[in-house]
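The next block holds one structure in the form of structure tokens; read it before the comments.
No value in this document is a laboratory result; all are computed from the given coordinates. The shown structure was predicted, so the numbers you read here are calculated from the model rather than taken from an experiment. A quick note on method: Cβ atoms are made from the backbone with ideal geometry, for glycine too, and the neighbour counts reach across all protein chains shown.
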Amino acid sequence: MGEARRFRAAIFAALAQNPDIAAVCRRFHLSREELGKLFQEAAAHFHREDAGAAQVSGDGVPPNRTPEPRLPKEDGWRLYVDGAARGNPGPAGAGAVLYDPAGRKRAQDSRYLGETTNNVAEYQALILGLELALSLGVRHIQVCADSQLIVQQLKGAYQVKAPHLLPLWRQAQKTLQKFDSCAISHLDRSLNLEADRLARQAIDQHRRKR
């Protein structure tokens with residue numbers, strides 16, 4: 001691997017650990033324009049190699065092929081997740097709301113993500129919600145999200161071409177596999193207001209602290 005590719009890989013790994021674009025720019029002494037150019041170069045290289053269709057990740061999961069979903073049983077829990085970014089990139093937050101099989105809200109969580117893109121925020125919200133469910137011992141889960149891109153990427157219908165999303169895609173897939181049964185479905189934004197409120201609230205609370 002050449003120096004340029006190693007440098008890009010280090011940046012994408014840092015973004016996967018901390019989606020705050022401003023912090024990553026400071027760490028690698030980059031302007032936002034330079035970071036954006038790196039994204040474009042990496043995306044072009046990724047597309048040429050068709051890595052999403054042909055290569056297999058280190059954990060044995062092809063980046064654009066999703067294992068057949070294990071459908072939740074009747075006692076499955078329902079998880080609503082949403083990410084929000086004011087600007088793209090911009091200040092971002094993640095929200096998740098968990099309901100038990102009887103339809104009662106049992107838990108919720110939110111997190112400020114720093115400055116990042118909307119798609120990164122959507123993946124971070126999903127991972128946040130899945131970890132919340134696992135912490136409560138949930139074994140059967142139905143995930144509901146209003147991001148068509150994220151839902152279709154996780155189902156394998158869309159390729160994951162953005163290099164900075166691949167680590168998050170892999171992390172989401174690994175986390176989903178920890179459940180005994182799982183499924184993910186798209187829903188209209190108007191039906192996901194509570195998770196959206198939590199994501200935006202996380203942004204507002206961070207701003208009030210400044």
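On the Cα set of region 147-193, report Rg and Dmax in Å, please.
When restricted to the Cα atoms of region 147-193, Rg and Dmax are 11.7, 30 Å.
Based on other C-beta atoms within 10 Å, arrange CYS144, CYS182 from fewest to most.
Placing the least packed residue first, the sequence is CYS144, CYS182.
Once R0 is set to 25 Å, what does the formula 1/(1 + (r/R0)^6) return for the Cβ-Cβ distance between LYS105 and LEU187, expressed as a FRET efficiency to the nearest 0.05?
0.95
With a cut-off of at most 10 other beta carbons within 10 Å, and DSSP calling the residue loop, which trypsin sites (Lys or Arg not before Pro) in region 103-191 qualify? Please list them.
Filter output for region 103-191: ARG104.
Sorting ILE127, ILE150 on the 10 Å Cβ count, fewest up front, what's the list?
Ranked by crowding around the Cβ, least crowded first: ILE127, ILE150.
Full extension from GLN148 to LYS209: what is 0.36 nm times the residue separation minus their Cα-Cα distance, to one decimal in nm?
18.7 nm
Using the count of nearby Cβ atoms within 10 Å as a rough guide to exposure, how do ARG27, ARG78 rank from fewest to most?
Fewest to most other Cβ atoms nearby, the residues stand as ARG27, ARG78.
What is the calculated FRET efficiency for PHE28 to ARG86, with r their C-beta to C-beta distance and R₀ = 22 Å, to the nearest 0.05?
Efficiency, rounded to the nearest 0.05: 0.40.
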